[in-house]
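Peer 1: Dropping the structure in here first, questions after.
The values are calculated or read from the model by the stated rules, or taken from the named source; none is laboratory data. The structure displayed is predicted, hence computed values, not measured ones. In this analysis, Cβ positions are derived from the backbone assuming ideal geometry, glycine residues included, and neighbour counts consider all displayed protein chains.
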Amino acid sequence: MAYAPVPDLHIMWLQHLCDAHQEMQSWAEAAQCAVAAAGVIMQALVGRNDAVWSKEHVTSLHKICPIVNTDVSAEASAAEVEGYGASKLTVDSAVKYLQLANKLFTQAELYHFCASIQELIIPVYKSRRAYGQLAKCHTSLTNIYESILEQEASPIPFIDATYYRVGFYGERFGKLNKKEYVFREPRDVRLGDIMEKLSHIYEVKMDGSHTLHIIPDSRQVNADELQPGVCYLQITAVDPVMEDEDLGSRRERIFSLSTGTVRARVFDRFLFDTPFTKNGKTQGGLEDQWKRRTVLQTEGSFPALVNRLPVTKSESLEFSPVENAIGMIETRTAALRNELEEPRSSEGDQLPRLQSLQRILQGSVAVQVNSGVLSVCTAFLSGEPATRLRSQELQQLIAALLEFMAVCKRAIRVHFRLIGEEDQEFHTQLVNGFQSLTAELSHYIPAILSEL
């Protein structure tokens, strides 16, 4: 960054970028610019031992905005500020940018960042005995933590943004040719929206000898097989990866970001799954359906100063058809178990959310959707497909089915304790569906009758 050695210019550039993001309502990116500006000031002040903050506070700021440098040295800071615009390097200026960041993160509903920022502002007011300001900070913290609790308790998963992998193929793209980026977009932007947006941006850059084509799926692209004179954009929806997530898990990821507590949403890894068959077709029967999981590493993490980051690393692994089937069943089991075991209120009691439990139960045992589990049995536990399974795979599949049914039975019992008169008919439908499903599965797994 050319302005980095000159703090005043660096801060001015970050302020202009922050303003531009606010005009586009990119609140998280604007907030990161404000945090980065505060970081420039805080780093210099700590390096001069001229602030209420310490290196630990700079490290805390770095966790919010990784572009903030944690390498603070008195010599380096002195070299930065002596003779070069140091007029803005004051504690009050840093607090001003931290407060702006807090406001912008609030608009982005990224409240965990707000809490961390307030913890950085409080030491300033403590040192000044500014009790009125301290009271405001603690009131703000109370509101922030209540907002986090509300996000955690909501039956609707909190999604702060959508992410897309965009691959550029074609000489007309210049330096972008054969490069991949991950874009961070507002939560309501869908795949069709970003396709339309990027098509409009890059179509105007095509000359008469080039056309633009969108690759709408996630298949592996061989650049040598693409048509000359055509520029390609491959756009794929991707999911952010949690820091402690098991990427080798065969489970579907539909519930991976919707369960548990709301954590700091700083992402530098993303993945997408691509179905394929060994005969070249994209889709096939369950017994033929493989899945390729691609994991992307970006240069830096989101939210960032910009809304796109280059992909620096790409890895993939494959799941066999039976692994896919086991994963589907384990996913449903995990979703039900989560509803039964997660605390659901600020008082800490263990009552599941009734509506959410009903939705998942209906999708698991209702008569009209029994085909999901039964189709797995038909594909892998009857006739010739069963003979192709290794003993370990067969045992894992049966164990997954038994566990799924056991959790369904437990969930139905809990549902009965929670409902009122108005839900009795629905409960009867669930019981009938469970009994019907058990009877059907017993044709493939006779032991299921004794297990349940």
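Peer 1: Residues to consider are 437, 394; find the one that is at pLDDT 90 or above and either in a helix (DSSP H, G or I) or buried (at least 16 other Cβ atoms within 10 Å of the Cβ) (or both).
Peer 2: None of the other options fit; the residue is 437.
Peer 1: Looking at (1) within 30 Å of residue 152 (Cβ to Cβ); (2) modelled with pLDDT under 90; (3) small (Gly, Ala, Ser); (4) out of contact with any Pro (no Cβ under 6 Å at 6 or more places or on another chain), find the lone condition where residue 375 falls short.
Peer 2: (1)
Peer 1: Take the residues in the stretch 3-48 that are assigned to a helix (DSSP H, G or I) and β-branched (Val, Ile, Thr); name whichever of them is farthest from residue 89 (Cα to Cα).
Peer 2: Once the filter is applied, the top-ranked residue is 35.
Peer 1: Here's a follow-up. Among the residues that make up the stretch 200-215, is at least one of them in contact with a helix residue (DSSP H, G or I) (Cβ under 7 Å, 6 or more places away or on another chain), modelled with pLDDT of 95 or more and outside any helix (DSSP H, G or I)?
Peer 2: Within the stretch 200-215, not a single residue is in contact with a helix residue (DSSP H, G or I) (Cβ under 7 Å, 6 or more places away or on another chain), modelled with pLDDT of 95 or more and outside any helix (DSSP H, G or I).
Peer 1: Separate question: Kindly check whether there is at least one residue in the stretch 399-412 that is buried (at least 16 other Cβ atoms within 10 Å of the Cβ) and farther than 16 Å from residue 330 by Cα.
Peer 2: yes
Peer 1: Right, next: Which residues, counting only those in the stretch 302-336, are modelled with pLDDT under 95 and under 17 Å from the mean Cα position of the chain (by Cα)?
Peer 2: Residues satisfying the conditions do not exist here.
Peer 1: Being more than 17 Å from residue 162 (Cβ to Cβ), at pLDDT 90 or above, out of contact with any helix residue (DSSP H, G or I) (no Cβ under 9 Å at 6 or more places or on another chain) and buried (at least 18 other Cβ atoms within 10 Å of the Cβ) is true for just one of 269, 293. Which residue is that?
Peer 2: Within the list 269, 293, the selection yields 293.
To keep it simple, each residue is scored yes or no on (1) among the hydroxyl-bearing types (Ser, Thr, Tyr); (2) within 25 Å of residue 52 (Cβ to Cβ).
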site	(1), (2)
123	no, yes
141	no, yes
145	yes, yes
159	no, no
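Peer 1: Next question, about the same structure. Out of the residues in the stretch 197-228 that are surrounded by 12 or more Cβ atoms within 10 Å (Cβ to Cβ) and among the small types (Gly, Ala, Ser), which is farthest from residue 276 (Cα to Cα)?
Peer 2: Looking at residues that are surrounded by 12 or more Cβ atoms within 10 Å (Cβ to Cβ) and among the small types (Gly, Ala, Ser), I get 199.
Peer 1: Which condition number does residue 185 fail, the rest of (1) of a type in the set (Asp, Glu); (2) under 16 Å from the mean Cα position of the chain (by Cα); (3) modelled with pLDDT under 90 being met?
Peer 2: (3)
Peer 1: List every residue pair whose Cβ atoms lie under 8 Å apart, where the two residues are 6 or more positions apart in sequence or sit on different chains, the first residue falls within the stretch 275-293 and is over 27 Å from residue 313 (Cα atoms), and the second residue, located anywhere, is among the β-branched types (Val, Ile, Thr) and assigned to a loop (DSSP other than H, G, I, E, B).
Peer 2: Qualifying pairs under 8 Å: 283/277; 284/277; 288/277.
Residue by residue, here is whether (1) within 30 Å of residue 201 (Cβ to Cβ); (2) at pLDDT below 90; (3) outside the structural domain of residue 293 (by TED's automatic domain parsing); (4) crowded, with 18+ Cβ neighbours inside 10 Å holds:
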site: 73; (1), (2), (3), (4): no, yes, yes, no
site: 77; (1), (2), (3), (4): no, yes, yes, yes
site: 81; (1), (2), (3), (4): no, yes, yes, yes
site: 87; (1), (2), (3), (4): no, yes, yes, no
site: 100; (1), (2), (3), (4): yes, no, yes, yes
site: 104; (1), (2), (3), (4): yes, no, yes, yes
site: 113; (1), (2), (3), (4): yes, no, yes, yes
site: 124; (1), (2), (3), (4): no, no, yes, yes
